[in-house]
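A.B. asks: Have a look at this one.
The values are calculated or read from the model by the stated rules, or taken from the named source; none is laboratory data. Because the structure is a prediction, the values reported are computed rather than measured. So basically every Cβ, Gly included, is an ideal-geometry build from the backbone, and we count neighbours across all protein chains shown. SASA here: full protein model, heavy atoms, side chains in, ligands and nucleic acids out. Shrake-Rupley method; radii C 1.70, N 1.55, O 1.52, S 1.80 Å.
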Amino acid sequence: MSVHVSGTGSALPERALTNADLEKLVDTNDEWIVTRTGIRERRMMAPHEATSDLVTRACERALEMSGLGPEDIDLLIVATCTPDTLTPSTANYVHQNLCRGLSIPAFDLSAACSGFVYGLGVADAMLRSGGYRRVLLAGGEGLTRFMDYEERTVSILFGDGAGAAVIERREGPGGVLATTLQSDGQFTDAIIIPAGGARKPLSPYVLTQRENYLKMKGAQVFKVAVQSMEKVAQDTLAKVGWKISDVDHVIAHQANKRILDAVADRLEIPPEKMPTNLAVRGNTSAASVPILLDECNRAGRFKPGDKVLLVAFGAGLTWGATALEWG
């Protein structure tokens, strides 16, 4: 028995927020942004949209590619750190949109930018338990809702979007071979939205302090991200007996160009094996890996038997990697 990705999908808001647009909102310019991040534009949800709307569309496309309907799914998992509401879960809104009339478990998973890889580890374990046959796994974010456009170092990075995959159990070789998940809570304040939860509920005071927006310690995040992604990739490759030269495709979280370049350099990954959509998508957190996975899949980059490595890093701090054989 093995666990395979049988279909992928993604969805993006229509509006592109370009660097020229940001120049009108914050003290920055296109050259400054591109030099430091590699990002030229990112997508931004319309006022009427929410994370669940993007996730629903991505899930519909993943199901369509798989030749399946909502009635064929046994479990729905949504990885997000920007839920529609604190409760109920975003997965329940997606269930309402997609699976109305069907009684299946649905829940959110919060591991920030590592969310999809974490979710894949959970889906793999639940499928191997024998209790489920197919899982619809999505990563979706509406991070532009949490950007402080009076601050130029963080607000330029993040965009909105969603990606999804149908993960199913079937006989035969290949599929998901190993997943490694890690975290270190000593860095909880490295990437954080300070207010809006039980520790610091929203109030006029926290709004005036702008604590309802995402904050990040960039230098600290860069150092830990590069080291952690390198190590978790190596650990996962060791589990399956691969060398990095054996890997055909590395689907990495699209954090920023400097992090991606440093990880590629340390692992000695050639550019042709490490695709990127960062310039036009920005950092979409938990949606980053599944969006890129879907875009590569639809472009025909993956062939049966190809060795694929997923690797991500995010707030928590969290990081993880999955090795899988496509097909």
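A.B. asks: Over the chain, with the other protein chains present, what is the accessible area per residue in square angstrom, probe 1.4 angstrom?
C.D. replies: Details: 13620 Å² over 327 residues.
Heavy-atom SASA per residue in the chain reads 42 Å².
A.B. asks: Report Rg/Rh for the stretch 232-318, rounded to two decimals, where Rg is the Cα radius of gyration and Rh the Kirkwood radius.
C.D. replies: My calculation of the ratio gives 0.94.
A.B. asks: Defining a contact as two alpha carbons under 8 Å apart and six or more residues distant in sequence, what relative contact order in percent does the chain show?
C.D. replies: Worked out over the chain, it gives 26 percent.
A.B. asks: What spacing in nm lies between the two simple spin-label points modelled at Ala219 and Asp184, each 7 Å away from Cα in the Cβ direction?
C.D. replies: For Ala219 paired with Asp184, the spin-label model returns 1.7 nm.
A.B. asks: Give the carbon-plus-sulfur fraction of the accessible surface of the stretch 103-219 in %, rounded to a whole number; probe 1.4 Å, heavy atoms of protein chains only.
C.D. replies: 53
A.B. asks: If you line up the Cα atoms of the stretch 1-130 on their principal axes, what length do they span on each, largest first, in Å?
C.D. replies: So the extents along the principal axes, rounded to whole Å, are 53, 32, 29.
A.B. asks: Relative to the present Cα-Cα distance, how much length would full extension add between Asp261 and Asp306 at 0.36 nm per residue of separation? Mind dumping the intermediate values first?
C.D. replies: On the way: separation 45, 0.36 × 45 = 16.20 nm, distance 2.29 nm.
Between Asp261 and Asp306, full extension yields 13.9 nm more.
A.B. asks: Sticking with this one: Report, by chain and number, residues whose modeled amide H sits under 5 Å from the one on Gly7, excluding near sequence neighbours (fewer than 5 apart, same chain).
C.D. replies: Here Val166 satisfy the definition.
A.B. asks: Using a Cα distance threshold of under 20 Å, what count of lysine pairs results for the chain when pairs must be 8 or more residues apart or interchain?
C.D. replies: 19
A.B. asks: Can I ask one more? The stretch 140-201: which trypsin sites (Lys or Arg not before Pro) are DSSP loop and have at most 13 other beta-carbon atoms within 10 angstrom?
C.D. replies: Listed in order of number, the matching sites are Arg199.
A.B. asks: If you don't mind, there's one more thing I want to ask. Considering only DSSP beta bridges with both partners in the stretch 200-327, what is the antiparallel share in %, to the nearest 5?
C.D. replies: If I count the DSSP bridges inside the stretch 200-327, around 65 percent turn out antiparallel.
A.B. asks: Show me the GluC sites (Glu not before Pro) within the stretch 146-181 that DSSP assigns to loop and that have at most 14 other Cβ atoms within 10 Å of their Cβ. Display every interim value, and only then the final one.
C.D. replies: Details: sites: Glu150, Glu151, Glu168, Glu171; in loops: Glu150, Glu151, Glu171.
Passing sites in the stretch 146-181 are Glu150, Glu171.
A.B. asks: Please report the accessible area of Arg61 (heavy atoms, 1.4 Å probe, ligands and nucleic acids excluded) in Å², nearest 10.
C.D. replies: Rounded to the nearest 10, that gives 100 Å².
A.B. asks: 7 Å from Cα along Cα→Cβ at both Thr85 and Thr35: what's the point-to-point distance in nm?
C.D. replies: So the label points at Thr85 and Thr35 sit 4.7 nm apart.
A.B. asks: Further, regarding this structure: What FRET efficiency would be calculated for the residue pair Ser129, Lys231, taking the C-beta separation as r and a Förster radius of 22 Å, to the nearest 0.05?
C.D. replies: 0.20
A.B. asks: Rank these by accessible area, largest first, 1.4 Å probe: Glu230, Glu14. Intermediate results must be reported in sequence, preceding the final value.
C.D. replies: Working: Glu230 30, Glu14 175 Å².
Order by accessible area, largest first: Glu14, Glu230.
A.B. asks: Quick check on the chain: of the DSSP beta bridges with both residues there, what percent are antiparallel, nearest 5%?
C.D. replies: Bridges in the chain are about 75 percent antiparallel.
A.B. asks: A further question follows. Rounded to the nearest 500, what is the 222 nm mean residue ellipticity of the chain from helices alone, with -39500 (n - 2.57) per DSSP H run of 4+ residues and division by all residues? Kindly include the intermediate steps, with their values, before the conclusion.
C.D. replies: Numbers: 10 runs with 106 residues, N = 327.
The helix-only estimate for the chain comes to -9500 deg cm²/dmol at 222 nm.
A.B. asks: Measuring from a point 7 Å past the Cα of Asp72 along Cα-to-C-beta, which residues in the stretch 112-135 have an amide N at less than 15 Å?
C.D. replies: Answer for this model: 133-135.
A.B. asks: What residues qualify as long-range amide H neighbours of Ala79, i.e. H under 5 Å apart, gap of 5 or more or another chain, H built at 1.01 Å from N?
C.D. replies: Close amide H contacts, sequence-distant or interchain: Leu109, Ala138, Gly139, Gly140.
A.B. asks: Calculate the length of the line joining the C-alpha centroid of the stretch 252-327 to that of the stretch 1-75, in whole Å.
C.D. replies: 15
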